[in-house]
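Each reported figure results from applying straightforward, stated rules to the coordinates on display, with no laboratory input. Please read all numbers here as calculations on a predicted model, not as lab measurements. A quick note on method: Cβ atoms are made from the backbone with ideal geometry, for glycine too, and the neighbour counts reach across all protein chains shown.
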Amino acid sequence: MSEEHRFVVDPTKTPTYRVVSTLLRALSWIFFRPTVIGVENIPLDGPVLIAPIHRSNVDFAFTLFISPRKVFFMAKDSIFRVPILGPLVSHLGAFPVKRGSADRESMSLAEEVLRQGHALVLFPEGTRHEGLSVQALHDGAMFVAARTGALVVPVGIGGSEKAMPLGAKLPRFAKIRIVVGTPIAPPSSHGRISRSSITAKSEELRAELEAVYRQSMGLA
C-alpha cells in the first residue's frame, strides 16, 4: 500500500466522512429507495463482521443504511488509483485489497479493525456473482472472525443486480430491499482453531446468506 493511501483505523465520523456519506446516502435513496429489515441484528458496539451478498458494484453503498456505526470495508485496489474517487472512499473507511491473490496486508488490516472493536464489511463470496444460489464461500471471513472473536452478520441485498448489472457503467433506477440476518458466532476452540471448524462455519454462513438473499428478493 502506498504512503499516499496508508490506511489508519479511525472510527471518527470526520466532517469529510459526514459530507461524503450523506451525499452517497442521498443519491442511493433517489436511485434505489432502499428498505431495511433486521437492522437490530447488527450490534451497536464490539467487533462485528458484516457479510453481504455481492451481486453489483453498488452493494457497498447500502452498508450506509444498515447501521448507525461507521463501517470499514475493503475495496479493490484499482479504485484507489482513480483521482478524487480514491481519496473519497478512503474517507469512508475503505482500504485496498488486491484481487486474485492472497493479500496478507489487507487481511491484517481487517483483523486490526475488528480487534479495535469496530464494524467491518467483507464480501464472503470474494467477487460478484449471479443467480440466487450462493456457492461455497472463501474461508477468509470466518478465518478473520475466528482470530478476532467477531460476530458475523449475513446480509441479503435484493435488486442490486438490476440497479447496476455486470458490465454496466452507470446505475439504473431500481427498488432495493435489504435483509440483515441473525449474527453467527465465530469458530472457537480451547486450542488452535481447526481448518475443518472454519470450513463448517463458512458453510453455515453460506446457507444463512442464501436464505437472507432469497428473503430480500421476496422468495422466502
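Assorted remarks:
- For the stretch 63-220, relative contact order (Cα pairs under 8 Å, six or more residues apart, normalised by length) works out to 21 percent.
- In whole angstrom, the stretch 177-217 maps to an equivalent ellipsoid with semi-axes of 26, 10, 4, each derived as √(5λ) from the alpha carbon gyration tensor and ordered largest first.
- Counting every pair of alpha carbons in the chain, the share spaced more than 21 Å apart comes to 53 percent.
- Helix-derived mean residue ellipticity, 222 nm - over the chain, DSSP H n ≥ 4, -39500 (n - 2.57), to 500: -10000 deg cm²/dmol
- Estimated FRET transfer efficiency (Val39, Gln135; beta-carbon r; R0 30 Å; 0.05): 0.65
- When Met74, Met217 are sorted by how many other C-beta atoms sit within 10 angstrom of their C-beta, beginning with the fewest, the order is Met217, Met74.
- Considering only Tyr213, Phe32, Pro47, and ranking their Cα positions along the charge dipole of the chain that arises from unit charges at the beta-carbon of Lys, Arg, Asp and Glu, the one farthest toward the positive end is Phe32.
- Cα-Cα pairs of the stretch 83-141 separated by more than 12 Å (percent): 74
- At the listed q of 0.10, 0.15, 0.16, 0.18 Å⁻¹, the Debye profile of the stretch 23-143, built from one uniform point per Cα, gives log10 I(q)/I(0) equal to -0.31, -0.73, -0.84, -1.09.
- Distance between the pseudo-spin-label points of Phe173 and Thr12 (7 Å out from Cα toward the beta carbon): 4.1 nm.
- Peptide ranges 141-152, 59-70 listed from the most packed, as the mean C-beta count within 10 angstrom indicates: 141-152, 59-70
- Over the stretch 1-132, Cα pairs under 8 Å with separation of 6+ residues give a relative contact order of 36 percent.
- Cα point-scatterer Debye curve for the stretch 80-192, base-10 log of I(q)/I(0) at q = 0.16, 0.19, 0.20, 0.21 Å⁻¹: -0.99, -1.33, -1.41, -1.47
- Set Lys98/Lys175; Lys76/Lys169; Lys175/Lys201; Lys76/Lys162; Lys169/Lys201; Lys98/Lys169 screened for pairs whose C-alpha atoms are more than 27 Å apart: Lys98/Lys175; Lys175/Lys201; Lys169/Lys201
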